[in-house]
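In what follows, a structure is listed as structure tokens, so that the remarks can point back to it.
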Number of protein chains: 2
Amino acid sequence: MGKIKVASFGVGVIGGAAARFILGEKQQMEFVGAFDIDQGKVGKDVGEVIGLGRPAGIRITDDLGMALSDADIAIHTTTSYLRAAYPQLESILSHGVDVVSSCEELSYPYVVDNGLSEALDSMAKENGATVLGTGINPGFLMDALPIALTAPCKSVRRIVVTRRMNAASRRVPFQKKVGAGLSVAEFEGAIKGGLISGHVGLEQSVSMLAGALGWKLDSVDIGAVEPVIAESGTDAGYVSIRPGSVAGVKQAARGLVGGEPRIELNFSAYVGSEEEYDQVEIDGVPPVNCRISPCVHGDHGTVAMLINMAPKVVAFKPGLYTMKDMTLPSAFL
Amino acid sequence: MGKIKVASFGVGVIGGAAARFILGEKQQMEFVGAFDIDQGKVGKDVGEVIGLGRPAGIRITDDLGMALSDADIAIHTTTSYLRAAYPQLESILSHGVDVVSSCEELSYPYVVDNGLSEALDSMAKENGATVLGTGINPGFLMDALPIALTAPCKSVRRIVVTRRMNAASRRVPFQKKVGAGLSVAEFEGAIKGGLISGHVGLEQSVSMLAGALGWKLDSVDIGAVEPVIAESGTDAGYVSIRPGSVAGVKQAARGLVGGEPRIELNFSAYVGSEEEYDQVEIDGVPPVNCRISPCVHGDHGTVAMLINMAPKVVAFKPGLYTMKDMTLPSAFL
């Protein structure tokens, strides 16, 4: 197998990190093109824009045909939302190029807009291309991994997945994103103002789990983003948190059958969480209780999932697929 | 999707357990045939032979064409060894029927006999059928699961997988199988006499892991089965173990690159093991350390893997495949 040729669709935070990883470390891939509409980036060498420390010999272009001219697959990283991604994915597919995307809603798009999902699937098939939405969450920790962990079960009654992150050990933008250090009133204002928002993808993960198991859910219940209130004071370096103020966020989602929660996802990220972990509890025959500790690093994980799924997407049959339908995921070295 | 129609090739311990599960609980499958060459079973109702408690309305036959006449897939459970399985698999494939097999060596057959593996692949493709070897171990705990756990890694340096079972909580035949209660001399005799044998599948798991990651191993080193010596006395109900006598077995396997162990598998099963667990430690970026505790129940797990992979095998393209190439595994309900 020759090197897989990759182009970036979007050179923002995630697209830039993926490009930096391919150009800097991932010798099994060839970086062949970069598309962005930001006129502050167009025409510049992609190495300069992403902080590679050397020119990559590839200029960012707003001409998609040029960016994709030599690509096997595009890494699409511009939006969390299916409807915003749709015309972009359509134009990539029209070039017959495969897509792996960080678009959260694309990870299980049927619950957002089934018609749009079917249109993408048809267009992919017509153009002999494959589309997958993936990432660390959604894409792995709260869906693909728990799905795989049900494989040794003769029956499954209930699945509970918990991701708990200690915001104290994260980057400052992450601490800000979870509202660490705000008063409760400030937090509520930040929610209203859209400065703090819910995790996009919980609905996708619940629905993908149900889809894999063949469960027909009566409803998917996505809880609001809620503040985690600090009980004692903490100094996290960047923020110092007083008792009674906000330490971070939590959010839960449930999939219900006959009023009973068969799937429960619990996400929390706050300063002061003692242990960080990703946990899957399967109430089944046999029971499977799995804990990854510390929790998987999200920034590395997102880039890794996009890169690691790329060769599997390139080798897969044409169409729109989700992680539950794909080849067993893995790193490749 | 209609019910998947399943036939048994072999109505022994595992085949019988799988048939009992399908006939007794698995309403999403239809049991349509049972093949065995044991003349003590041929002609009898399969429900009677497997202890279902009621007739199944299907007689065990030694006419393979009759057993498979209505089957989408055969569950093959007669042997651990590829060369013994080969003519049986050939005859199933000649009927154009898919196969999911508990044959341990078939889980990654290329390292046993590449020519035979290629012949199976060709024959499967010619007959439009799919063949997969799977189970709990090999098939999941020491290969498919660790492979999936590398997916969020940008790089992987080393993988260590440990399965530790407490034989005290297992069936008496299992305690006998691991030599619990024997003296060291008796244990050595049991090894020589073939009464206690190594775990078949460690070579398959090491090689599948390396294959998924794209590592070229210099060698695969399969350790001997060794006794675990009891330090203190234990009473496990069936056996009482004196200090200095055998509590059970351990075995290790390694995959080496340049003299360095990049893959390490450690299996142990003995009376007195405090904690039972399945553990995967990935030395990578990011690191992933995962523990399933207690360890996954092997008897349930083997049957579940065969049954749960069946619909994925039926839907898969023709050919011989291994768990690393297959669709993400899952239960289905």
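Listing for the model above:
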read-out	value
Counting DSSP beta bridges with both ends in the protein assembly as shown, the antiparallel % (nearest 5)	55 percent
Per-residue average of Cβ from other chains inside 10 Å of B:250-261	0
Integer Hz, Karplus 6.51/-1.76/1.60 couplings in order for region A:9-24, x for Gly and Pro	9, x, 10, x, 5, 6, x, x, 5, 5, 5, 4, 5, 5, 5, x
Sequence of A:Lys177, B:Lys312 once ranked by neighbouring C-beta atoms within 10 Å, starting from the fewest	A:Lys177, B:Lys312
Most to least packed among B:268-279, A:322-333 [average Cβ atoms within 10 Å]	A:322-333, B:268-279
Ranked packing of A:165-174, B:201-210, most packed first, by mean Cβ within 10 Å	B:201-210, A:165-174
DSSP beta bridges in region A:224-333 [antiparallel fraction, %, rounded to 5]	100 percent
Proximal lysine pairs, region A:144-295, alpha carbons under 20 Å, eight or more residues apart or interchain	6
Reachable aspartates and glutamates, given that their alpha-carbon falls under 18 Å from the alpha-carbon of A:Lys317 and they are not under 8 places away in the same chain	A:Asp72, A:Glu90, A:Asp98, A:Glu118, A:Asp121, A:Glu126, A:Asp325, B:Asp325
Taking all pairs of distinct alpha-carbon atoms in the protein assembly as shown, Kirkwood radius in angstrom	26.5 Å
Coordinate range along principal axes, alpha carbons of region A:183-333, Å, largest first	53, 45, 36
Interchain or long-range residues, amide H under 5 Å from A:Ala180's placed H	none
When the convex hull of its Cα atoms is projected in every direction, mean area for region B:104-210 (nm²)	10.1 nm²
Whole-Hz couplings from phi, Karplus 6.51/-1.76/1.60, listed for region A:318-333; x for Gly and Pro	x, x, 9, 10, 10, 4, 5, 9, 7, 4, 2, x, 6, 6, 9, 10
For chain B, share of DSSP beta bridges that run antiparallel, in % to the nearest 5	55 percent
Amide H partners (placed H, <5 Å) of A:Ala56, local residues excluded	A:Val46, A:Gly47, A:Glu48
Shielding of B:153-165 by partner chains, average beta-carbon count, 10 Å	3
Using a 7 Å Cα-to-Cβ projection, B:Ala224 label spacings across copies, nm, ascending	6.8
Value at 222 nm in deg cm²/dmol, rounded to 500, when DSSP H runs of n ≥ 4 in chain A each add -39,500 (n - 2.57)	-8500 deg cm²/dmol
Whole-Å semi-axes of the ellipsoid equivalent to region B:126-172 (Cα gyration tensor, √5λ, descending)	26, 23, 6
Gyration tensor (alpha-carbon) shape descriptor, chain B, a/c threshold 1.5	oblate
Peptide B:20-28, shielding by other chains (average Cβ, 10 Å cutoff)	1
Label point distance in nm, B:Lys3-A:Ile222, each placed 7 Å from Cα along Cα→Cβ	3.8 nm
Other-copy label distances relative to A:Ser69, 7 angstrom Cα-Cβ extension, nm	6.4
Cα pair distances of region A:37-144 binned at 5 Å [whole percent]	2, 12, 19, 21, 19, 14, 9, 4, 1
Radius of gyration and maximum dimension Dmax of region B:269-333, Cα, Å	15.7, 46
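Every number in this text was worked out from the coordinates using simple rules, so none of it is lab data. Bear in mind the structure is a predicted one, so any value in this text is a computation, not a measurement. With ideal geometry, Cβ positions are generated from the backbone for all residues, glycine too; neighbour counts draw on all protein chains shown.
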